[in-house]
Amino acid sequence: MTGTAPRTGGRWIERWDPEDEAFWKETGEPIARRNLLYSVLSEHIGFSIWSLWSVLVLFMGPQYGIDPAGKFFLIATATLVGALVRIPYTFAVARFGGRNWTVVSALLLLAPTTAALVVMEPGTSYGTFLAVAALTGVGGGNFASSMTNINAFFPLRKKGWALGLNAGGGNIGVPVVQLAALLVIGTAGAGHPRLLLAAYLPLVVAAATMAALRMDNLAPVRADTGAVREALRAPHTWIMSFLYVGTFGSFIGYSFAFGLVLQTQFGRTPLQAASLTFTGPLLGSLVRPVGGALADRFGGARITLAAFVAMAAATGVVVLASVRESLPVFLAGFVALFVLSGLGNGSTYKMIPGIFQAEAVARGMSGEDAAAYGRRLSGAAMGLIGAVGGLGGLGINLVFREAFSRSGSGTAAFVTFLACYAVCCAVTWAVYLRRPAPTAVPATGEAQEPQLTSV
């Protein structure tokens with residue numbers, strides 16, 4: 001694919017054809033890998049800022065006058081805004097260029113970090129905390145623009161690995177900020193949240209600077225409102241959105257709520273909670289590229305279904321531990337949920353470009369035409385799917401808030417999540433694995449025949 005006109009004002013690449021093996025080996029791969037590296041860095045910082053309130057609530061002792069339900073709502077507010085801004089962030093890549101938008105979106109992280117640094121003290125009104133929590137949502141948008149950008153750089157056969165690594169490296173921003181909070185609480189005490197916030201300001205500037213110096217814009221990735229309309233009409237956009245609620249919604253919802261659940265249900269101190277909170281998100285982030293790689297090899301739908309079945313089993317363990325008030329069993333089941341949701345995150349995102357490329361084949365396209373159609377539609381769909389997935393995290397935090405406000409326990413919330421995973425299992429099997437399927441996709445994830453199941 002070739003850009004029609006040169007552009008100025010940034011590092012623009014006019015021709016980009018990753019499906020051409022000669023182009024990929026000689027030119028494309030080193031450029032794609034370089035952009036992936038700095039995309040991961042920026043997205044990593046974005047996730048850390050988005051998840052700030054998962055740790056700031058641990059610093060908020062009785063002197064802040066905010067009960068557990070109020071703290072859950074602060075977390076939920078950050079989750080909501082982070083999910084919603086993913087939609088415009090997705091389309092910003094085509095409008096401004098992947099490199100250019102990475103720089104802008106990184107610099108935007110200075111606003112919520114600085115605002116939290118100013119207001120984080122007892123006596124600040126709850127409304128002010130709520131507004132600053134909402135502002136941190138801009139960090140959630142970085143994921144959508146980063147994934148859309150990296151999706152365009154890599155060929156279909158490499159997307160599972162590349163998108164998994166990109167997202168996994170970003171997701172690690174959650175446990176990293178939790179580990180940083182543990183360090184602050186363990187050394188300076190729970191009364192010094194500003195130390196954590198001050199440490200992130202130079203990191204934000206560094207991420208923006210490296211993106212400006214080392215990343216590229218792809219001229220062929222043009223703003224395409226037609227692709228958006230097609231993605232909105234495509235049933236698979238909404239089916240995959242639902243499945244992503246089950247995987248990423250679980251990961252981000254649990255990541256934000258884990259420490260507060262430990263404090264509220266099991267009576268852990270801020271230091272004790274912080275010393276445990278990072279474990280699940282860290283493992284879930286590290287395993288996400290593994291989920292993408294497994295999907296490349298065995299098919300995204302198979303790995304996704306296996307992940308949902310195992311998540312349902314792990315949730316059953318968590319329910320049992322919650323009823324019996326067994327912290328060791330609870331931790332084992334909850335950490336397993338993180339790992340399994342990370343695997344599912346990698347496999348679901350691998351499914352998206354394969355599905356749309358298979359649709360192109362079903363319409364009679366082939367070769368680069370089919371690949372270009374797949375990139376075009378999957379790029380538009382990823383923002384929508386990522387936004388809905390983020391809303392799943394909001395749902396998890398609101399369900400936790402309701403459960404704890406009614407009974408002081410999260411048991412009812414986990415029973416609700418168990419039912420959701422059962423539905424996700426049924427949908428994955430019925431739409432993408434059942435045989436014969438009227439719109440079935442090859443489980444390998446490659447468009448091989450004119451039928452719709454390239455997952």
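Annotation for region 324-386 versus region 52-112: alpha-carbon center distance of 23 Å. Pairs of Lys residues in the chain are counted when their Cα atoms are under 20 angstrom apart and they lie 8 or more places apart or on different chains; the count is 4. Here the chain is treated with +1 on each Lys and Arg Cβ and -1 on each Asp and Glu Cβ, and its dipole about the Cα centre works out to around 140 debye.
Annotation: peptides 174-187, 41-54, 324-337, ranked by per-residue average of other Cβ atoms within 10 Å with the highest first, follow the order 41-54, 174-187, 324-337. Within the shell of other residues whose beta carbon sits under 14 angstrom from the beta carbon of Cys425, the net charge comes to +2, with Lys and Arg scored +1 and Asp and Glu -1. Ellipticity at 222 nm from helices only: DSSP H runs of n ≥ 4 in the chain, each -39500 (n - 2.57), divided by the residue count, give -25000 deg cm²/dmol.
The residues neighbouring Phe72, those whose beta-carbon lies less than 12 Å from its own, together hold a net charge of 0 under the Lys/Arg +1, Asp/Glu -1 convention. Here the accessible area of the chain is 66 percent carbon and sulfur, with a 1.4 angstrom probe and all protein chains present. Think of a 1.4 Å ball rolled over the protein heavy atoms: the chain then has 35 Å² of accessible area per residue.
Net charge of the neighbourhood of Pro289, taken over other residues with C-beta under 15 Å away and scored Lys/Arg +1, Asp/Glu -1, is +4.
With respect to the chain, whose longest principal axis is taken over its alpha-carbon atoms, helix 193-214 is tilted by about 10°.
Full extension of the segment from Ala111 to Asp369, taken as 0.36 nm per residue of separation minus the current Cα-Cα distance, would add 88.7 nm. In the list [x] 1.27; [y] 0.95; [z] 0.91, the label attached to Cα Rg over 2.2 N^0.38 Å as derived from the coordinates here is [y]. Return one number: the angle in degrees, 0 to 90 and rounded to the nearest 10, between the long axis of the Cα atoms of helix 138-153 and the longest principal axis of the Cα atoms of the chain. Orientation of helix 138-153: about 20 degrees from the principal axis. Mean separation of Cα pairs under 8 Å and 6 or more residues apart, divided by the residue count, gives region 75-138 a relative contact order of 63 percent.
Across the options Leu74, Ala22, Leu165, the greatest Cα extent toward the positive end of the charge dipole of the chain (unit charges at beta carbon of Lys, Arg, Asp, Glu) belongs to Leu74. Taking the C-alpha atoms only, the angle from helix 29-50 to the longest principal axis of the chain is near 30 degrees. Annotation: peptides 134-143, 425-434, ranked by per-residue average of other Cβ atoms within 10 Å with the highest first, follow the order 134-143, 425-434.
Using C-alpha pairs below 8 Å separated by at least 6 residues, the relative contact order for the chain is 23 percent.
Peptides 85-94, 210-219, 402-411 ordered by packing proxy, namely the average of other Cβ atoms within 10 Å per residue, highest first: 85-94, 210-219, 402-411.
In sequence order, region 127-132 has phi-based couplings of x, 5, 4, 5, 5, 5 Hz under the Karplus curve 6.51 cos²θ - 1.76 cosθ + 1.60, θ = phi - 60°, and Gly or Pro positions carry x.
Across region 140-238, Cα pairs under 8 Å and at least six residues apart give a relative contact order of 15 percent.
The values are calculated or read from the model by the stated rules, or taken from the named source; none is laboratory data. None of these values were measured; they are calculated from a predicted model. Positions of Cβ are backbone-derived with ideal geometry, glycine not excepted, and every protein chain shown enters the neighbour counts. Ligands, DNA and RNA are excluded from the accessible area calculation, which covers all protein heavy atoms including side chains. Shrake-Rupley method; radii C 1.70, N 1.55, O 1.52, S 1.80 Å.
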